[in-house]
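Chemist: Following this message is one structure expressed as structure tokens.
The values are calculated or read from the model by the stated rules, or taken from the named source; none is laboratory data. Every value quoted in this text rests on a predicted model; they were computed, and no experiment measured them. Glycine gets a Cβ as well: all are built from the backbone with ideal geometry, and neighbour counts include every protein chain shown. All accessible areas refer to the heavy atoms of the entire protein, side chains included, with ligands and DNA or RNA removed. Shrake-Rupley method; radii C 1.70, N 1.55, O 1.52, S 1.80 Å.
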Amino acid sequence: MKGVAGSKESNDCLITIESSNETKIEINSIVGAFFYDQIYSTIENTLKNENITDVHVIVEDKGALDYTIKSRLLTAIERMREDV
Amino acid sequence: MFRSLLFIPGNNPSMIQNADIFMADGIIFDLEDAVSISEKNNARNLIKHYLDNSSVLPKQVVLRVNSFGSEWFIKDLEILKTKKVNYLLVPKLDYESLNTISSFLSDFEEKEKLEETKIIALVETAKGITEMSLFAQNNRLMGVLLGAEDLTNDLEIKRTETSLEIFYARSQVIYFCRANNLIAIDTPYTDINNIDGLKTDCKYAYGLGMKAKAAIHPNQLEIINDIFSPTKEEIEWAKAIIKLSEENPEKGAFQYRGKMIDKPIIERAKKIIQKAEIFNLL
């Protein structure tokens with residue numbers, strides 16, 4: 001199962017989430033040097049709140065704010081759940 | 001009260017995160033026409049989390065939902081739970097859909113313990129225009145926005161630079177709103193790069209009696225705000241009238257610069273000052 005949401009436009013991020021045998025979070029961000037931990041934490045907390053484990057999440061970030069990252073991840077999760 | 005309302009596409013993070021710094025008196029977060037079918041859920045999630053998490057929001061938040069009866073309408077209403085939406089802009093509204101939506105909203109608000117949501121009617125069909133007088137019974141209504149692009153599509157006529165084809169619709173909106181103490185909001189001017197055309201269109205609509213105008217680009221806001229605001233001369237005139245009126249409370253009518261001033265003129269002066277206060281023009 002796989003879900004994708006967002007874009008590679010400025011201030012946005014493209015998030016891909018896919019079933020996996022372990023949880024893995026991969027972040028490629030233009031502001032990663034400053035905000036990697038914050039982005040990681042946003043992804044980790046959102047997965048936890050949604051009770052999701054064993055997924056591979058790829059974040060391609062173009063400077064998105066926290067709420068944008070969270071909303072894109074939630075949409076990607078919705079799409080993954082629909083992708084049966 | 002507002003002069004300008006800026007449409008922002010609901011799936012555009014760059015514009016959304018700057019929504020509070022634009023010169024608009026209100027922002028319309030658009031989940032309808034500006035969002036493709038495949039991105040409806042993406043836009044809805046983005047707006048919801050923006051409203052929930054941003055410490056600074058626009059002065060007035062308007063949410064344009066998808067039309068009643070569409071598969072997205074009920075999901076769009078979930079955003080009301082943020083309690084940050086001032087007005088719901090409902091597209092293609094007519095009498096029947098307004099009543100059905102109101103009833104639906106009442107149940108939703110009771111269930112979610114929300115305050116009554118006010119509605120701006122987006123009137124953009126011949127049916128909506130002809131049924132507008134019936135809208136007055138609805139307490140939720142606070143304004144009407146004329147949607148000329150869809151209206152002219154409905155009428156199967158062309159939109160032109162003169163806008164003569166929407167004169168009747170504009171007049172209907174203006175007279176209905178004035179009679180019912182609602183805000184008449186003019187249709188956006190869609191030729192983004194035509195500044196002179198925008199000025200002409202604003203002056204014409206304002207002259208007819210429109211009280212605000214929707215914008216589709218931030219560059220349109222300065223002109224709209226300027227034309228839909230009282231001028232310096234009007235404000236000075238209004239101040240003088242109110243001062244004279246307060247100094248002569250026993251007089252029903254008096255003269256100012258050779259012209260007779262009576263109750264309707266004094267009321268007009270008060271409205272100008274009220275607007276000037278709201279828009280920080282004093």
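Chemist: In segment B:11-43, what count of residues is obtained for those that are among the basic types (Lys, Arg) and open to solvent by 30 Å² or more (accessible area, probe 1.4 Å)? Reasoning before the result, please.
Modeler: Within segment B:11-43, the subset among the basic types (Lys, Arg) is B:40.
Restricting the remaining residues to those that are open to solvent by 30 Å² or more (accessible area, probe 1.4 Å) gives none.
Total meeting the criteria: 0.
Chemist: Looking at the structure I just gave you, is B:VAL90 in the same structural domain as B:ILE47 (by TED's automatic domain parsing), under 16 Å from B:ILE28 (Cα atoms) and touching an Asp or Glu at 6+ places or on another chain (Cβ under 6 Å)?
Modeler: Details: in the same structural domain as B:ILE47 (by TED's automatic domain parsing): yes; under 16 Å from B:ILE28 (Cα atoms): yes; touching an Asp or Glu at 6+ places or on another chain (Cβ under 6 Å): no.
Here the answer is no, as B:VAL90 does not meet what is asked.
Chemist: To continue, here is another question. Return the only residue of B:LEU122, B:LEU105, B:LEU80 being in a helix (DSSP H, G or I), under 20 Å from the mean Cα position of the chain (by Cα) and either crowded, with 21+ Cβ neighbours inside 10 Å or without any contact (Cβ under 8 Å) to a residue 60 or more places away in the chain (or both). Show your work before the answer.
Modeler: Numbers: B:LEU122 fails: in a helix (DSSP H, G or I); B:LEU105 fails: under 20 Å from the mean Cα position of the chain (by Cα).
It is B:LEU80.
Chemist: Further, regarding this structure: Scan segment B:93-101 and tell me whether some residue there is buried (at least 23 other Cβ atoms within 10 Å of the Cβ), farther than 19 Å from B:ASP150 by Cα and more than 14 Å from chain A (Cβ to nearest Cβ).
Modeler: Within segment B:93-101, one or more residues are buried (at least 23 other Cβ atoms within 10 Å of the Cβ), farther than 19 Å from B:ASP150 by Cα and more than 14 Å from chain A (Cβ to nearest Cβ).
Chemist: I'd like to check something: does segment B:188-203 contain any residue that is aromatic (Phe, Trp, Tyr) and under 28 Å from B:ILE16 (Cα atoms)?
Modeler: Going through segment B:188-203, the residues aromatic (Phe, Trp, Tyr) turn out to be B:189.
Of the ones still in play, those that are also under 28 Å from B:ILE16 (Cα atoms) are B:189.
Within segment B:188-203, one or more residues are aromatic (Phe, Trp, Tyr) and under 28 Å from B:ILE16 (Cα atoms).
Chemist: Could you list, in sequence order, all residues of segment B:47-77 that are more than 14 Å from every other protein chain (Cβ to nearest Cβ) and either open to solvent by less than 10 Å² (accessible area, probe 1.4 Å) or in contact with a strand residue (DSSP E or B) (Cβ under 6 Å, 6 or more places away or on another chain) (or both)?
Modeler: B:PRO58, B:GLN60, B:VAL61, B:VAL62, B:LEU63, B:ARG64, B:VAL65, B:ASN66, B:PHE73, B:ASP76, B:LEU77
Chemist: May I ask you to verify whether A:VAL4 is part of a strand (DSSP E or B) and within 14 Å of chain B (Cβ to nearest Cβ)?
Modeler: Numbers: part of a strand (DSSP E or B): yes; within 14 Å of chain B (Cβ to nearest Cβ): yes.
Considered against the rule, which asks whether it is part of a strand (DSSP E or B) and within 14 Å of chain B (Cβ to nearest Cβ), A:VAL4 comes out as yes.
Chemist: Please go through segment A:46-75 and give me each residue that is open to solvent by less than 10 Å² (accessible area, probe 1.4 Å) and either within 11 Å of chain B (Cβ to nearest Cβ) or under 13 Å from A:ILE30 (Cβ atoms) (or both), ordered by number.
Modeler: Once the filter is applied, which keeps residues that are open to solvent by less than 10 Å² (accessible area, probe 1.4 Å) and either within 11 Å of chain B (Cβ to nearest Cβ) or under 13 Å from A:ILE30 (Cβ atoms) (or both), segment A:46-75 yields A:THR46, A:VAL59, A:ASP61, A:THR68, A:ILE69, A:SER71, A:ARG72, A:LEU73, A:THR75.
Chemist: Is it the case, given these coordinates, that A:ASN21 is over 20 Å from B:LEU51 (Cα atoms) and part of a loop (DSSP other than H, G, I, E, B)? Don't jump to the end; show me each part of the working.
Modeler: Numbers: over 20 Å from B:LEU51 (Cα atoms): yes; part of a loop (DSSP other than H, G, I, E, B): yes.
For A:ASN21, the condition - over 20 Å from B:LEU51 (Cα atoms) and part of a loop (DSSP other than H, G, I, E, B) - is met.
Chemist: Tell me, which helices (runs of 4 or more DSSP H) lie completely within segment B:167-282 with 1 or more residues that are within 25 Å of B:ALA34 (Cβ to Cβ) and either open to solvent by less than 30 Å² (accessible area, probe 1.4 Å) or at pLDDT below 95 (or both)?
Modeler: In segment B:167-282, the matching helices (runs of 4 or more DSSP H) lie at B:167-179, B:195-208, B:221-227.
Chemist: Considering only residues that are in a strand (DSSP E or B) and out of contact with any Cys (no Cβ under 9 Å at 6 or more places or on another chain), which ones fall in segment A:37-84?
Modeler: A:VAL55, A:HIS56, A:VAL57, A:ILE58
Chemist: Okay, moving on. Output the number of residues of segment A:17-42 satisfying the condition of being open to solvent by less than 30 Å² (accessible area, probe 1.4 Å) and within 14 Å of chain B (Cβ to nearest Cβ).
Modeler: The total comes to 2.
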